[in-house]
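Novice: I have a structure here, written as structure tokens, and I will follow up with some questions on it.
The values are calculated or read from the model by the stated rules, or taken from the named source; none is laboratory data. As the structure is a computational prediction, the values presented were derived from the model and not from experiment. Cβ placement follows ideal geometry from the backbone for every residue including glycine, while neighbour counts extend to all protein chains displayed. The accessibility values were calculated without ligands, DNA or RNA, using every heavy atom of the protein model including side chains. Shrake-Rupley method; radii C 1.70, N 1.55, O 1.52, S 1.80 Å.
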Amino acid sequence: MTSEAVCLTLIAARQLRDELFDYLSEQTDLVPGFTASDAAGHGANVRLQSPEERVKGHADQVLVRIVLPNAAAERLLERLKVSFAGTNLVYWVMPVADFGIIE
């Protein structure tokens with residue numbers, strides 16, 4: 001395991017928004033903060049759960065990005081896999097070349 005920074009991206013059904021945000025906010029030992037935005041899911045593996053989504057042709061989703069050390073991302077993913085089992089939470093991890101705050 002390495003302490004290199006990564007960006008953990010999560011995609012969840014919009015119905016999980018509040019639950020996911022609350023959960024991430026409680027993981028203070030791993031999650032320094034996160035950025036979220038609304039997203040529209042497309043593709044064969046995307047579940048259109050409501051009549052509105054079927055009419056629109058896309059799933060209403062939330063996209064969350066967290067920049068954190070790789071080891072913390074691995075631990076957070078272990079927790080998410082238990083706490084959000086069966087929810088079709090999509091994730092990926094990408095290296096971050098640089099990260100900072102311009103004040």
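Novice: Working only within region 11-31, note down all residues that are over 23 Å from residue 69 (Cβ atoms) and of a type outside the set (Asp, Glu).
Specialist: Scanning region 11-31 gives 13, 14, 15, 16, 17.
Novice: Further, regarding this structure: Six or more apart or on different chains, Cβ under 6 Å: which pairs go from a residue in region 21-36 that's under 13 Å from residue 62 (Cα atoms) to one that's crowded, with 17+ Cβ neighbours inside 10 Å? Could you list them?
Specialist: Listed by first residue and then by second, the contacts come to 34/24; 34/64; 34/66; 36/62; 36/64.
Novice: With the structure loaded, tell me whether residue 79 is open to solvent by 40 Å² or more (accessible area, probe 1.4 Å), modelled with pLDDT of 95 or more, in contact with a helix residue (DSSP H, G or I) (Cβ under 9 Å, 6 or more places away or on another chain) and not aromatic (Phe, Trp, Tyr) or whether it fails that test.
Specialist: Considered against the rule, which asks whether it is open to solvent by 40 Å² or more (accessible area, probe 1.4 Å), modelled with pLDDT of 95 or more, in contact with a helix residue (DSSP H, G or I) (Cβ under 9 Å, 6 or more places away or on another chain) and not aromatic (Phe, Trp, Tyr), residue 79 comes out as yes.
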